Amino acid sequence: MMSDLAGLRRDYEGESLAPEHTPDDPMALFDHWLEQAIASEGLDANAMTLATVDGAGYPHARIVLLKGVDPDGLLFYTNYQSQKGNELAHVAHAALVFWWPGLQRQVRVEGRVEKVTLERSDDYFASRPRKSQLAAWVSQQSVEIPGRDWLKERLARFEQVYAGKDVERPPHWGGYRVVPQAMEFWQGQRSRLHDRVRYSRHDEHDATWHRTRLAP
């Protein structure tokens, strides 16, 4: 099996990416790349790896969905009592990775994490399909469960509770914003001589982004 994996490779031939031809604000470049990714990757364009750190310093990563972008950062929603929620409560920093194979592009984001306002969480929750709203009540995310029957029983219970009325947002469920302190854009190129442009700033209140080219 290892010999088969060793032979799996592809050569890249993407568009040119150079610091002198990128905007001053990395969010402008991210918005442009995201639009192209949605056209290229479809429903998977907003999938991203979220990496957090627990109290002992061990990293944990999982795939979540980007559900908003504003001038201050990138938004996702989850159960605050989940493993990632508990980790962010203790270490409020995270890293994100986007991978768009059709475009041969990767974006890395590093920064502080904060909760979004209750109003913003309410608005997003109200926009979700009803089944997704109920699932936020049903699943005690990251908790060990005896089996799927346990989930089905809880779903039936909450379907009764909210029969004929709107599903309210659970108080333990809402949004986070990753406020970038560094963003790196990777564009695949031939012979593994990839283009990498990294933006960084001293802190989130620094309006000036510094960008440079990194070796592949």
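Scanning the stretch 80-100 for residues that are surrounded by fewer than 19 Cβ atoms within 10 Å (Cβ to Cβ) and in contact (Cβ under 8 Å) with a residue 60 or more places away in the chain returns Gln81, Ser82.
Kindly list, by first and then second residue, each pair from a residue in the stretch 199-216 that is free of Cβ contacts under 8 Å to residues at least 24 places away in the same chain and within 14 Å of Arg108 (Cα to Cα) to a residue that is open to solvent by 40 Å² or more (accessible area, probe 1.4 Å) and not β-branched (Val, Ile, Thr), limited to pairs with Cβ atoms under 8 Å and residues at least 6 apart or on different chains. Every condition considered, the pairs that remain are Ser200/Gln181; Ser200/His210; Ser200/Arg211.
Could you run through the stretch 1-41 and say how many residues are among the β-branched types (Val, Ile, Thr) and out of contact with any helix residue (DSSP H, G or I) (no Cβ under 7 Å at 6 or more places or on another chain)? Residues flagged as among the β-branched types (Val, Ile, Thr) and out of contact with any helix residue (DSSP H, G or I) (no Cβ under 7 Å at 6 or more places or on another chain) within the stretch 1-41 amount to 1. Per the conditions (1) over 14 Å from the mean Cα position of the chain (by Cα); (2) polar (S, T, N, Q); (3) modelled with pLDDT of 95 or more, the sole criterion not satisfied by Ser40 is (3).
Ala126 meets each of the listed conditions (1) under 18 Å from the mean Cα position of the chain (by Cα); (2) open to solvent by 70 Å² or more (accessible area, probe 1.4 Å) apart from (1). Scanning the stretch 47-62 for residues that are open to solvent by 20 Å² or more (accessible area, probe 1.4 Å), over 23 Å from Ala126 (Cα atoms) and hydrophobic (A, V, I, L, M, F, W, C) gives Ala51, Val53, Ala56, Ala61. Being closer than 24 Å to Trp209 by Cα, of a type in the set (A, V, I, L, M, F, W, C), touching a residue at least 24 places away in the same chain (Cβ under 8 Å) and in contact with a Pro (Cβ under 8 Å, 6 or more places away or on another chain) holds for only one residue in Leu34, Leu50, Leu17, Leu29, and it is Leu29. Of Lys131, Lys152, Lys165, all but one fail to be surrounded by fewer than 19 Cβ atoms within 10 Å (Cβ to Cβ), in a loop (DSSP other than H, G, I, E, B) and among the basic types (Lys, Arg); the exception is Lys165.
The values are calculated or read from the model by the stated rules, or taken from the named source; none is laboratory data. These numbers were taken from a predicted model, which means no experiment stands behind them. Every residue, glycine as well, gets a Cβ built from its backbone with ideal geometry; the counts of neighbours run over all protein chains shown. Keep in mind that these areas ignore ligands, DNA and RNA; they rest on the heavy atoms of the full protein, side chains included. Shrake-Rupley method; radii C 1.70, N 1.55, O 1.52, S 1.80 Å.
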